[in-house]
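Reading through the structure tokens given below for one structure.
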Amino acid sequence: MHSALRPYMTTGLAIVGSSVLAFAPIAPPAPAESATTTTQSAQQVTLKAKVITINPSPDAVDVKDALQGRYCGEDSGNTCMDLEYMPVWTSPGQFGLGVDALTDELAAAVASGDEVTVLGFSEGAVVASQWLEAYLANPEDFEIPENLTFVVVGNPSRKYGGSGVPWGQVWPESDFQVIDVMNQYDPTGDQPANPFNVLAVLNATMGFFTNHLGDSYTNVDLDAADNVKWTEGNTEYVFVPAKSLPIVEPLRWMGLDKLADDLTGPLQYIIEQGYNRDPRLDDVAPISDAQSIFYAPINLLETVANIPYYAVQGTNRFAEAMRDSGSWWVYTETNVLGWDPANPEMTRAFVDFLVAIPSISGPMGEIADYWARANLPMNEGCTGTGKTQCTNPAGITDQMFKVMLWDLFAKEGYTFEGPITPEYNPVSDEETYWGQEMGQDGDPVEWYGETVHLEWFAETKSFWNHLISPPEGIKTPTIGDQLGAAVNLFEALMVTWYPFVPKSQIWNPNETAFAYLFRPFAKILCPDCNEVDPFMPTQWKVGDDIPKGLYIPPKVKDLYDEDGKYIGPPVESTDEDADADADTDADSSSSFLAALFAPEEETVDETTEEATGTTEEAAEETPAVTEDTAEEQTDVVSDAIQGLKDKFESVTDEGKVTDEAPETDAPVEEDASDAGDEAEDVVDETDDTEDIADETDETDEVEDAADEADDEAADEAADDQADSDDSDAGSDDSSDSGSNSSGSDSGDSGSSDSGSDSGSSGGSDD
């Protein structure tokens, strides 16, 4: 019987709905104004003695009970009266009889001194709006009481979604205080924006009887927490969320409450697609958020429609995971042979990339990740593919594929522990900095000691839960989003796969013979690489020590000992902190590198190179001289020179020729001979002074002073000796001339020899 009546009931409802919608045309809500101020507290309308109710259907609806009797209930303390009028149009655009009747009642209230609140329902709210328009046009023609206020419910002239708005029935703005209350799905003020949404139109039609007429506004609580309120000017808007869906109410009348509850969520989701409400209403909670099998068709369609969106999301996630893992050509703690800390996210993101359905890819990625953690563990015996990084290949291969897939699904679960799972990452931060194996342990392995218990058919269960859950809506990626994801993935792959980066194994001759092929082109292939050697860390510079056993660049191998200690000439700035700023390090060492590694096309004179080499050897052999020692050595040389000058002066005085002839010749000869000997002694002392200067590696100024003193001493000795000879020759007899000449020649010869020796010595020192 009920089955037979169902088509007729549906047809009847459709006919009634069509009639209502013809009377109240569908119109989208007006957009929110920029000057709108949103509040969450209702206005407190001050009621004074008299409330005028305007009700077009007093027989069907008792407006005095509206809003829980807040204005006309027994406890309100107000006097309420119904406005008597015929609820029909009497002139175009105006509810003339109602406007005239309200004008008269307000004038009477002025005469009696009452303050009035107008409570209008449905068409009664339109009457109040038409009166207000007339008053605002000619206020001098109306008498109004003080503190006149308006409360309207189910208002067709409501600014947002009113059915009379397309016909020009819009509540005017004024200085009067107004409260506008509207139920969700009341078609007089909550119209669907899409007339082609059949379910939305049918629901609004049923809402006219359930949410507009009847006792719908009787149960409205203006202070309910779930009401949405906002104020514009002197008007406060109140939106009351629905407690039930009008379209399923016939099912409840027939006692099918369970079916009605199951259908409420899916039907409301479809119905809401036909509305375009003010953004302030976007957060209105649905009537039901419970799972329902009736969501399945909706979610199935949305799952297919959302594949492009989640493909973009999966691509971006995978790209970021790849980028975070770093270059696969560099030895780091996130590039370890086996399942390193970067691999879990990379695996799960890769599954998202392949399967653009999160409810399926999520469990699949989790299973794949845990299986890999158990069967592809890291091992200190083989942490990479280099010669020094995999000294014990059996160490890692013996621990692989020991865990069966069903072990992860066992009731007791599977615990990640030794000997399969290492407690610590076999690669440390320091090893990451140098890019080489150093036998150090890194941070603890995150999943060590964790017990995992996977669920059979997790993907199926997850997808089914998705199908029966409230839909999330259709998400459409833009062309820019899709192109951006492709570019992001390409850049990430370049980060991981491009070999010509700092510390790449491709630069290390100890790891691969290809290094000899690529190293000459390092400046072109890798502009960011270290200038000294592309395999070295970017922050490293000449003068920084290198850990023992690690790679030492061939260019500077002679500057380091076998332990990696720097033994070369001092550098201006040496920063051994591996975390120092790369730019600062490069600037501090650039001048030294430029001098040390000059371009091949620049030639240097061989003599200069030899002199430079001699100087470097002398610098290595000569101990460091302090300032005090240098001053002492300088004083010794100065004292020697001064003593030398004093001796030469004394020699000159002794050999000075006077006008008187000497009494004897012998003393003169002896003096001359002594003078020559003294001159030789002076030269010898001068040579000793030169030796001191040479041994102490004094400055050029001291050496020049010593050389000049040598020359002056030799010249003065030679001149004094010549003068002495001349004087002797003039005073001797002719008989003794041969003997004297012989002695003179002997003395002169000795003087010349000594002078010659002195000059030769000074020249060699220079």
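Is the C-alpha gyration tensor of the range 304-482 telling us rounded, prolate or oblate? Criteria: a/c under 1.5 is rounded; beyond that, a/b larger than b/c is prolate, otherwise oblate. Oblate shape, in that a/c is at least 1.5 and b/c is the bigger or equal ratio. Length gained on full extension, residue 276 to residue 456: 60.5 nm, using 0.36 nm per residue less the C-alpha separation. Residues whose amide H falls under 5 Å from that of residue 79, counting only those 5 or more places apart or on a different chain, are 49, 50, 51, with hydrogens built in the peptide plane. The residues packed around residue 321, meaning those with a beta-carbon under 11 Å from its beta-carbon, carry a net charge of -1 if Lys and Arg are +1 and Asp and Glu are -1.
Distance between the pseudo-spin-label points of residue 481 and residue 548 (7 Å out from Cα toward the beta carbon): 5.9 nm. Listed by chain and number, the lysines whose C-alpha is less than 28 Å from the C-alpha of residue 387, apart from same-chain residues fewer than 8 away, are 402, 503, 523, 541, 548, 555, 557, 565. In this calculation the C-beta distance from residue 140 to residue 110 is compared with R0 = 22 Å, giving a FRET efficiency of 0.95.
Summary of packing: across the peptides 261-270, 546-555, 117-126, the per-residue average of other C-beta atoms within 10 Å ranks them, highest first, as 117-126, 261-270, 546-555. Counting Lys +1, Arg +1, Asp -1, Glu -1, what net charge surrounds residue 172 among other residues with beta carbon under 12 Å of its beta carbon? Around residue 172, the charge tally is -2.
Expected output is a single nm value to one decimal: the length gained when fully extending between residue 257 and residue 193, i.e. 0.36 nm times separation in residues minus the C-alpha distance. What is it? Write down the numbers at each step before the final one.
Numbers: separation 64, 0.36 × 64 = 23.04 nm, distance 2.91 nm.
Contour length minus the Cα-Cα distance gives 20.1 nm.
The 3J(HN,Hα) values that the Karplus relation (6.51, -1.76, 1.60; θ = phi - 60°) gives for the range 67-80 are, in residue order, 6, 6, x, 5, 10, 10, x, 4, 8, 6, x, 9, 9, 10 Hz. Gly and Pro appear as x. Could you state, as a whole-number percent, how many of the C-alpha pairs of the range 277-352 are farther apart than 14 Å? Summing the P(r) of the range 277-352 above 14 Å gives 74 percent of all pairs. Electrostatic tally near residue 500: other residues with Cβ closer than 13 Å to its Cβ, Lys and Arg +1, Asp and Glu -1, net +2.
Each reported figure results from applying straightforward, stated rules to the coordinates on display, with no laboratory input. Keep in mind the model is a prediction, meaning the values are calculated, not measured. Every residue, glycine as well, gets a Cβ built from its backbone with ideal geometry; the counts of neighbours run over all protein chains shown.
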